[in-house]
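The values are calculated or read from the model by the stated rules, or taken from the named source; none is laboratory data. Everything numeric here is computed off the predicted structure, so don't read it as measured data. Please note: Cβ atoms are built from the backbone with ideal geometry, for glycine as well, and neighbour counts cover all protein chains shown. The protein model used for the area step is the full one, side chains on, heavy atoms only, and it has no ligands, DNA or RNA in it. Shrake-Rupley method; radii C 1.70, N 1.55, O 1.52, S 1.80 Å.
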Amino acid sequence: MLNRSKLQSFMKFWDSIEQKLVGFLGIFALAVALWQVIGRYATPDHAISFAEEIIVYLMIWAVMIVSSQLVKRDGHVRPDLVLRILPIQVARWVEVFNCLVAIIFCGGMVWYGSSIVETAIMIDEVSSSDLQFPMWIYYLALPVGTGLMTVRYIAKLIDYIAFYDAGTMKPGHVLHDNVDGLETPKLN
Amino acid sequence: MGYLFFALFFGLLAAGMPIFLVLGTCAAALFFASGHELVGVAQTICNDMNSSTLMALPLFVMASAFMRSGGIATALVNLAGVWLGGVRGSLGLITVVSCTLFAAICGSSVATALAMGSILVPAMIERGYPRSFALGVVGASGTIGIVVPPSLALLLYGIVTEQSVPRLFLAGILPGLLQAVVFFLWVMYYARKHNFPIEPKRPVAERVQMTIRGLPSLIVPVVVLVGIYGGFVTVTEAAALAAITSLLVSLLFYKGFRWTKTLDVVADGIRSAAAIMLIVATALALGHWVTESGIPEKLVQFTVDHEFSRWQFLLAINVLLLVIGCFLEVIATLLLIMPLLAPVLKPLGIDPVHFSIIFTHNMEIGLIHPPVGLNLFVLSTIVAAPISEVIKGVFPFLVLLIICLGIITYVPELTMWLPNYVFGPATH
Amino acid sequence: ADEPLLIRCSLDTAPSHGRNKAFQDYLAKLEAQSGGRIKTKLYESGQLFKDLEVAKAMLQNQVEMACPGSWVITGIVPDADAFQLPVLYGRTADEVHKIFDNEAGKLINAKIAEKLRGQVLGPWIDLGYENWYSTKTPLTSLDSVKGLKVRNSGGPGQAWRAKFVGAIPNTTAWPSVPLSLSQGVFDTLVSTNESLVTAQLWDAGVKYAYEDHQFFAMYIPMISTTFWSKLTPDLQKLVTGIWAENIPTYRAHMAEAQTKARTTLEAHNIKFVDPSAEQLAADRKRMMPEQESLAKELKLSPDVVKLINAGFPSA
Ligand code: NA
Ligand code: NA
């Protein structure tokens, strides 16, 4: 028998690791951008030419990692109008179907993404700028990100099948740009 | 294959599947059906995401998240309030002005309605404004920001249709101002008619002091616009600077969050961006297949065969957008529709820059169009009001919006004059 | 009868571009002469793939034929960046052809076969001389480029040259150039007369040109090895034979297009400066001391460098 509370506390720990990692990648990307702009005007002789390239790699990694959080919070943008109208038990099984498709798609992306990574390593692919960045590191974001999403979708599927609670698991639009833990500011 | 495509597309949408999955699954299915290796879907996603222009998107979204949690949004409202005291219905006018300012950075009208609504709607109700009016003015004013630069919708439109982003940004200014002025005048008229309360006029010294305190909240739009149009930075760099300045202004000046929370705020911003980025990636992959499938040619052929005129075509688009506006945000819709539509514009003699503003404006109407629109849902959840009350409040603005749309559609100069004046006429 | 074998070919330039015209002609001839055993489909204007992505796409069997510029495959086949060696700065087309139509070219073809699993069709097809073009700053010598943001087509070799003259290098794929230019991503670009004409870059603000022939650009025509091995020997012969037969014509057309393009650019008020032969030689001499370290940085194989140097004994 699976120990759900232990699993949940592990997931909580895992969430916080994802969160901090993504925050760090984002800050780093902003710093690189600032460095590029200031560098271009302050020390044009030493200005870096590949800042935007690095920003792309950092941001894509951050986006791919954080996407699994969106699965967990039901934050992926979706038209849930029909789901709201359907009887709750029907909606449940539509959600099961959605999870299955998601697992197949994300699983496929893990598979093909890995093959892209493999190819890139095999042919020593580097970016065509003067940075000559090893492209497999960039490509790896895809299988890793979709892999994390696959895990979350599997967890969700199990929830819908084995631990369904009509009260808390109603489908509904979650605004994806809500920020946690911060109060609504007051007017003065 | 076209029918298979549309059946799959709308079937999955109806099942409430996340948009990125709908687009990705369609892309994969059709890639496979036309005899391509499936690895191409993954490779295309990697290739299309590897774009520095595209990175402006998560950076702008981050900037708007910082503004919301960092106290800049509140500062904007206060700044607008300082100078509108003493005018009847000033809170309504403040809403129009501060929504325009906030949306000028935020770029999403749903997010604007949420951020501004949670501050301003309770304030208006407290001061005795009718609840339906409070909801209506917030819901409608948020739609201004989508056309005023910088706009996420226009940025993405530029990426999908390969148009110059600075040109699109300029195109949005006059139509956005037109809408703001029309709303402003309407609120003044309505407030007088219904005898809305007057906010106290503050003494000049206090006004100056509060203005100074409010000024840093305007740094972000200034940095972005001066940066881009002064030719100092690229759009992507401008987006990064917007994020950096809003982070610094929040941390050091308005202190909306403590610096120890910085990593979390950044991560939350990226999470908001990720929801859009995944859709972008799969939309571009689908667009890639659509080009190859010949569907755009068939669509053009269809409109030519049925002798659709330009305005009939635009009307058909309008209806389509109203329907989609029931359940989707502007950006998701844009990514859903534009890959199909972009190749059709030129053959029909429609200027893509002019169309960008018509399209976003149409979308906004779809969002607040009764009986269902996403913005209506968002507003009703802010104060737990029934949808019908929101609709009642939004209705007059809806009429004004439709009038604005007519002007924008039939007076192309309003859209085209500024970009053509600054950049010279486009040649394609 | 068997199904005809389908060749999907992807180019990212417009149908009016010389390379596209060459492939339109070549693929039509191939289809006709194969007696229905080969069918071809040409995707143009990057509608299927940008050149930057096409070599990889061929490796993944997304297309059967491609003709990427040498500069877009340097990330996978570093030797393709040999065009940037200082010894080749400001050389004529004939001088460059002599190098790459022979041993040096064969060496690179072998690398392409190994890394990209692509069979090179035969002699490479010219794009033409690459020069500097700018929007705001008049260009009169290499010194005028100092401090400018210079777009190149790819490969660390071109970035090296930009840095050598004190400019800030930027790599942008051709289909994105007009847009990026109008967005201020760069203010100067390295390209050819004909490329500027096809994109009408005077509309994007290009006003000055410094025609120093900093390198001679060539596209490498290739067919996927997987597909190649499906062809019977007589079809294989047809594929390479038609190419070999027509390449002199294709090259002549490209050269013509470049000459005509210069006239068009001048008609659109783009000011050209042509450095003298002495100036080119002096600038080349200035670059030569860095050749050895550059070759290492670009990961060029010593054999290729040796073969190229051997073509210019006086340098
Ligand atoms: Na905006
Ligand atoms: Na609607």
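Miscellaneous remarks
- If R0 equals 60 Å, the separation of the Cβ atoms of C:F312 and B:S34 corresponds to a calculated FRET efficiency of about 0.75.
- The label-point distance for B:I212 and C:E278, in a model that sets each label 7 Å from Cα toward Cβ, rounds to 6.6 nm.
- Principal-axis tilt of helix B:131-141 within chain B, Cα atoms, nearest 10 degrees: 50 degrees
- Taking the longest Cα principal axis of chain B as reference, the axis of helix B:2-14 is set at about 30 degrees.
- Sorted peptide list for B:75-86, C:148-159, criterion being average Cβ within 10 angstrom, highest first: C:148-159, B:75-86
- Taking the Cα centre of chain B as reference, the dipole from Cβ charges on Lys and Arg (+1) and Asp and Glu (-1) amounts to some 1560 debye.
- Spin-label model distance (nm) - A:Y41 vs C:L107, 7 Å beyond Cα toward Cβ: 4.7 nm
- Distance from region B:200-233 to region B:347-368 (C-alpha centre basis), Å: 31 Å
- Angle in degrees between helix B:204-214 and the longest Cα principal axis of chain B, rounded to the nearest 10: 30 degrees
- Threshold 30 Å² - residues in region B:1-36 whose accessible area is reduced by that much or more when the chain is no longer isolated, probe 1.4 Å: B:A14, B:A15, B:G16, B:M17, B:P18, B:F20, B:L21, B:H36
- Helical runs (DSSP H, four residues minimum) scored at -39500 (n - 2.57) apiece and divided by the length of chain B put the mean residue ellipticity at 222 nm at -25000 deg cm²/dmol.
- Relative contact order (percent, whole number), chain B, Cα cutoff 8 Å, 6+ residue spacing: 25 percent
- What you get for the protein assembly as shown, charging only the Cβ of Lys and Arg (+1) and of Asp and Glu (-1), is a dipole of about 2580 debye around the Cα centre.
- Relative contact order computed over region A:69-139 (Cα-Cα under 8 Å; 6+ residues apart), in percent: 17 percent
- Bridging of C:K207 to aspartates and glutamates at a Cα separation below 17 Å is possible for C:E130, C:D187, C:E194, C:E266, C:D274, once same-chain residues fewer than 8 apart are set aside.
- With a 10 Å cut-off around each Cβ of C:57-64, the average count of Cβ atoms from other chains is 5.
- Extended-chain gain in nm, criterion 0.36 nm per residue less alpha-carbon gap, B:K255 and B:K298: 9.9 nm
- For peptide B:54-61, the mean count of partner chain Cβ atoms within 10 Å of a residue's Cβ comes to 4.
- Positive minus negative residues near B:G424 (Lys, Arg vs Asp, Glu; Cβ under 14 Å): +1
- Alpha-carbon centroids, region C:74-118 and region B:236-289: separation in whole Å: 43 Å
- Across chain C, the mean sequence separation of Cα contacts (distance under 8 Å, 6 or more residues apart), normalised by length, yields a relative contact order of 26 percent.
- The B-A contact accounts for approximately 6300 Å² of buried accessible area, totalled over both chains at a 1.4 Å probe radius.
- FRET efficiency estimate (nearest 0.05) - Cβ-Cβ, C:Q24 to A:I158, R0 60 angstrom: 0.60
- Averaged over peptide A:20-28, the number of partner chain Cβ atoms lying within 10 Å of each residue's Cβ comes to 6.
- In terms of the mean number of neighbouring beta-carbon atoms within 10 Å, the peptides A:6-18, C:32-44, C:163-175 order highest first as C:163-175, C:32-44, A:6-18.
- Surface exposure of the protein assembly as shown, expressed per residue as accessible area with a 1.4 Å probe, stands at 38 Å².
- Förster radius 22 Å - calculated FRET efficiency between A:I104 and B:A14, Cβ distance, rounded to 0.05: 0.75
- Pairs of Lys in region C:13-90 closer than 21 Å at Cα, counting only those 8 or more apart or on different chains: 8
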